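Everything below concerns the one structure shown next.
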Amino acid sequence: MSSDDVAIRPVREHELGAVLRLWDAADVTPPGVSDSIEALTCLMHAPNALLLVATVDGRIVGSVIGGWDGWRGNIYRLAVAPEYRRRGVACSLVTEISNALFDRGAHRLSALVEHEHEWALGFWESARDLGYEHDPRFVRFIADRRTCAAKRDDHGRLIKV
């Protein structure tokens with residue numbers, strides 16, 4: 001397989017289940033609150049988000065999510081099926097999502113990478129050829145709707161505890 005055999009394109013709604021199965025097979029992250037058909041459907045229709053898939057002979061073998069908040073672009077969930085790793089699929093996905101985010105107006109991109117996934121860190125270390133470099137200045141803090149639910153008032157707004 002060469003990178004010419006890989007097609008990169010936006011996901012189609014009927015393929016969302018295949019993307020979730022890919023994430024499971026690729027061991028990208030433990031399933032979270034956003035790992036559902038409903039959440040991916042919302043993502044597909046968000047104006048500043050893009051879910052791309054890589055296909056080989058019609059089979060989804062990779063995916064990546066890009067989001068743009070009007071200032072910076074963010075890359076999430078870069079995943080490649082284990083049997084297709086080290087064949088240029090991830091590089092093709094990152095190139096396409098980067099171009100899409102820059103085309104939307106982003107001036108800087110960042111990628112979230114789980115530190116315990118050595119294969120992912122290895123890929124991003126090799127992505128210097130694409131212009132990416134490790135930025136040790138940042139640590140991520142997260143909150144999700146479920147864990148914040150107990151901290152909301154009757155109108156659904158977060159309250160100071």
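A few notes on this one:
- Number of residues in the stretch 120-133 that are surrounded by 12 or more Cβ atoms within 10 Å (Cβ to Cβ) and assigned to a loop (DSSP other than H, G, I, E, B) equals 1.
- Strands (runs of 3 or more DSSP E) within the stretch 7-119 that include 2 or more residues touching a Leu at 6+ places or on another chain (Cβ under 8 Å), crowded, with 18+ Cβ neighbours inside 10 Å and free of Cβ contacts under 8 Å to residues at least 60 places away in the same chain: 49-56, 59-68, 73-80, 109-111
- Residue match in the stretch 51-66 (condition: of a type in the set (D, E, K, R) and in contact with a Lys or Arg (Cβ under 6 Å, 6 or more places away or on another chain)): no
Per-residue answers, yes or no, for (1) small (Gly, Ala, Ser); (2) at pLDDT 90 or above:
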{"residue": "70", "(1), (2)": "yes, no"}
{"residue": "89", "(1), (2)": "no, yes"}
{"residue": "116", "(1), (2)": "no, no"}
{"residue": "127", "(1), (2)": "yes, no"}
{"residue": "131", "(1), (2)": "yes, no"}
{"residue": "140", "(1), (2)": "no, no"}
{"residue": "148", "(1), (2)": "no, no"}
{"residue": "152", "(1), (2)": "no, no"}
{"residue": "156", "(1), (2)": "yes, no"}
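- Filter result for residue 103 (modelled with pLDDT under 85, over 26 Å from residue 32 (Cα atoms) and over 16 Å from the mean Cα position of the chain (by Cα)): no
- Checked against the criterion of being in contact with a strand residue (DSSP E or B) (Cβ under 8 Å, 6 or more places away or on another chain) and on the phi < 0 side of the Ramachandran plot, the candidates 94, 33 yield just one match: 94.
The values are calculated or read from the model by the stated rules, or taken from the named source; none is laboratory data. Owing to the predicted nature of the structure, the values given are computational and were not obtained by experimental measurement. Positions of Cβ are backbone-derived with ideal geometry, glycine not excepted, and every protein chain shown enters the neighbour counts.
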